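A quick write-up on the structure given underneath.
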Amino acid sequence: MSQPLFGGALSITVPDGFVDISQVRQLPDHQEVFASSTTDQSLIVEILEAVDEDNPLEYHFAQLAEANDSRESKVWRVARLSATTSVLCGEQLVAKFNERGANRVAVLLALVRVPEHSADVLVSLNAPLSISAESSSSAALSPDTDVEQLQAQFVETVQTLKINDYTLFG
């Protein structure tokens, strides 16, 4: 089902079983976050100023790795879906809540450029590939992530993203 974002200015089809995190905690105004309690996956949609980089998706991936104190990060592939939309698939080794044990997480990013408003819409999906025994998620989760299927589902989700009101971008 199509989920309105940012007061209906955008919409996207959120995967089944994902809940709106804004119902649980306060989020920055530029983010919409959805998470699955059964898979520990999260889907984030952000409105950002356009970055002037040769490889903007790799820039965002590196920024995310730095923000998450990633111990390792690797880009698997980058693909263009349309003139304004590209997707990056990779992985990062990150500790949840600054725990000692680090989890291997698939990080899928989609960048939708809105050049007429100098804005970017960044969609990210984080999905655990392996969980450290020292992670708070270890007891509840045993990831069984098919990466190819995850990537295909992410692309399908990204393709449902619609900009309904361009005044969101100013």
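The values are calculated or read from the model by the stated rules, or taken from the named source; none is laboratory data. Values in this document were obtained by computation on a predicted structure and should not be read as measured data. Backbone-built Cβ (ideal geometry, glycine too); neighbour counts: all protein chains shown. Remember, those area values only see protein heavy atoms, side chains included, never the ligands or the DNA or RNA. Shrake-Rupley method; radii C 1.70, N 1.55, O 1.52, S 1.80 Å.
General observations
- Only a single criterion out of (1) within 25 Å of residue 115 (Cα to Cα); (2) more than 13 Å from the chain's Cα centre (by Cα) is not satisfied by residue 26, namely (1).
- Pairs with Cβ under 9 Å, 6+ apart, first in region 17-28 and among the aliphatic types (A, V, I, L, M), second part of a loop (DSSP other than H, G, I, E, B): 19/36; 19/37; 21/27
- The set of residues from region 56-71 being in contact with a strand residue (DSSP E or B) (Cβ under 8 Å, 6 or more places away or on another chain) and either over 18 Å from residue 128 (Cβ atoms) or basic (Lys, Arg) (or both) comprises 56, 57, 58, 60, 62, 71.
- In region 130-141 there is no residue that is outside any loop (DSSP other than H, G, I, E, B), open to solvent by less than 40 Å² (accessible area, probe 1.4 Å) and of a type outside the set (D, E, K, R).
- Elements of the type strands (runs of 3 or more DSSP E) sitting completely within region 1-60 and holding at least 2 residues that are surrounded by 12 or more Cβ atoms within 10 Å (Cβ to Cβ) and touching a helix residue (DSSP H, G or I) at 6+ places or on another chain (Cβ under 9 Å): these cover 10-13, 31-35, 42-49.
- Counting only residues that are open to solvent by 80 Å² or more (accessible area, probe 1.4 Å), on the phi < 0 side of the Ramachandran plot and not in a loop (DSSP other than H, G, I, E, B), region 77-111 holds 2 of them.
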